[in-house]
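The values are calculated or read from the model by the stated rules, or taken from the named source; none is laboratory data. Here the structure is a predicted model, which means the values were calculated and not measured. FYI the Cβ positions are ideal-geometry reconstructions off the backbone, even for glycines, and counts take in every protein chain you see. The accessibility values were calculated without ligands, DNA or RNA, using every heavy atom of the protein model including side chains. Shrake-Rupley method; radii C 1.70, N 1.55, O 1.52, S 1.80 Å.
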Amino acid sequence: MNTLVKRAQRGDAEAFISLMEECRMSLRRVAFGYLGNDEDVADAIQDTILDAFEHISSLKKAEYFRTWLTRILINNCTRTYRKNKKNVSMEAYKEEGSYDAGNSDVEFKQLLLVLPEDSRTIFQLYFGEEFTTKEIAEILGMKENTVKSRLHRGKEQLRESLQGARIGGNVYA
């Protein structure tokens, strides 16, 4: 990936397109976890690709490309969310779930609904995209210990939710 990044920084459009193809599903999962509907996800990703193309030369280290791109995406998701002033409830989020994914992605998305909104993005980045807590802190502009504590609290919430679901005979509470 570093070679593609360096080529894209020198103006190679084909290298940039290859980078975007490599990151496409990751961008979609993160944006969908943040916004919850296909139209907003498409807008945020389109803005992210344009921003990345215009500013790729400002990326200092090629190895931080994914972190840099994810930060741009989250900024665009935040902007889209605020612009639309949406208040997506958990029920609406479930109903809008036309996200085309495998069963494990759908189950993961349903599990995330138990978490507060500020923890969902952290869980998606940590478990879904396999970023480290340090990288997540950098992406979200928060302290690493805050990321760790939200992960810990979120795991506890999920554990309690799953235990409640087993008792009630339902897979998801």
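Stretching Ser161 away from Thr78 to a fully extended chain increases their span by 27.1 nm, per 0.36 nm per residue minus the current alpha-carbon distance. Quickly work out the Asp51-to-Thr132 label distance, labels modelled 7 Å from Cα along the C-beta direction, and quote it in nm with one decimal. Simple spin-label model gives 2.4 nm for this pair. Overall, the accessible surface of the range 12-74 at a probe of 1.4 angstrom is composed of carbon and sulfur to the extent of 52 percent. Sequentially through the range 10-22, phi angles give Karplus couplings (6.51, -1.76, 1.60; θ = phi - 60°) of 8, x, 6, 5, 5, 5, 5, 4, 4, 4, 5, 5, 5 Hz, Gly and Pro residues having no value and appearing as x.
Across all directions, the average projected area of the convex hull around the alpha carbons of the range 1-48 is 3.4 nm². Annotation: Thr121 carries an accessible surface of approximately 10 Å², with a 1.4 Å probe and no ligand, DNA or RNA atoms counted.
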